[in-house]
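**Q** After the structure tokens below, expect a handful of questions from me.
Any read-out appearing in this document is the output of simple, stated calculations on the displayed coordinates, not a laboratory observation. Given the structure is predicted, the values throughout are model-derived calculations rather than measurements. Because the Cβ atoms are built from the backbone with ideal geometry, glycine has one as well, and the counts that use them run over all protein chains shown.
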Amino acid sequence: MTPRHILVPTDFSPSAEAALDHALSWANQFRASLHLLHVVHDANTDLYGLGNAEAHIDRLREEAESTAQAQLAELAPAVSAQTVHTAVVPHPRGDVADAIEEYVAHSAIDLVVMGTHGRRGLERYVLGSVTNRVVRRGVAPVLTVRNPGEEADAKGEPVAYDRVLAPIDFSDHSKTALRLSREVTSQYGGTQHLLFVAEQRVVPTFSDTGIPGVGVVEMDSEIVANAEQALEELNASVEGPAVSTTCHVEEGDVAQTIVDFAEARAADLIVMATRGLTGIDRFVLGSNTERVVRTAPCPVLTVPTPPNEKTDD
């Protein structure tokens, strides 16, 4: 997948500004058009017979739209992308996620870049509700970006993806993510790291006396031993540009191992599917993916698998 139309929903927060930096880099690297979107709440007081209130709200909404347009216009001149589109969209229910989904569908958006939380965000372990819902719905790949100011050593350096991490569980969904990982790695001239986590699960146990306890269930040792070769074969079988690739096998809790690996290897980007082998439907974000998005030390690109896509690799 080569992104051609990139959307940045913005509430003008520091997190949204950080997302715009990454979106600009993608737009320039892939020669894509950039869309800047702000959603304004469009209240309807007619339902309550409050005509005067409706007129007042109309004026406030118009002022909000005008202010938002001015702020978007200030952002646009600094953009060196091929084409820049700005839009202020009123939404009758004030549902930002719905407005984003509608814009994605109507404007052929193939990548959404968002901050992990907006003005109401609390801290790194709370994924913004709007971002969370957009990722869950899987209408397009979503690049989630944390505000670099959250890190004490943030330096505001130019966007670069020298080390791209792609967690793989050999599901069709992870193959889709691998294709995009290779595209990004090639475009930025980086190195791709494929990671298979041999999951260790903590399960309840009961002794003969009925006293509960816990035990650790480990993956079959033969599967672990063959995983690195399987990663190499999978990478060779998936279409895409040839990139420098290193394969890794780790054991442990899946999400925590991915985050720890990303920190230890100073990963610049994590590319992973929204669902793995245990995915259910488009509204259920895999728990491992959600935990990684919430706690990763770098941006995370979540990749949904189109319902009609066939993966026969």
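**Q** Going by average Cβ density within 10 Å per residue, which order do the peptides 24-36, 252-264 take, highest to lowest?
**A** Values: 24-36: 20.1, 252-264: 18.3.
Order by mean packing, descending: 24-36, 252-264.
**Q** Taking 0.36 nm per residue of separation and subtracting the Cα-Cα distance, what length does fully extending residue 251 through residue 2 add? Numbers along the way, then the final one.
**A** Values: separation 249, 0.36 × 249 = 89.64 nm, distance 3.29 nm.
Contour length minus the Cα-Cα distance gives 86.4 nm.
**Q** Modelled label-to-label distance, residue 265 and residue 31, 7 Å Cα→beta-carbon offset: nm?
**A** Distance between the two pseudo-spin positions: 3.1 nm.
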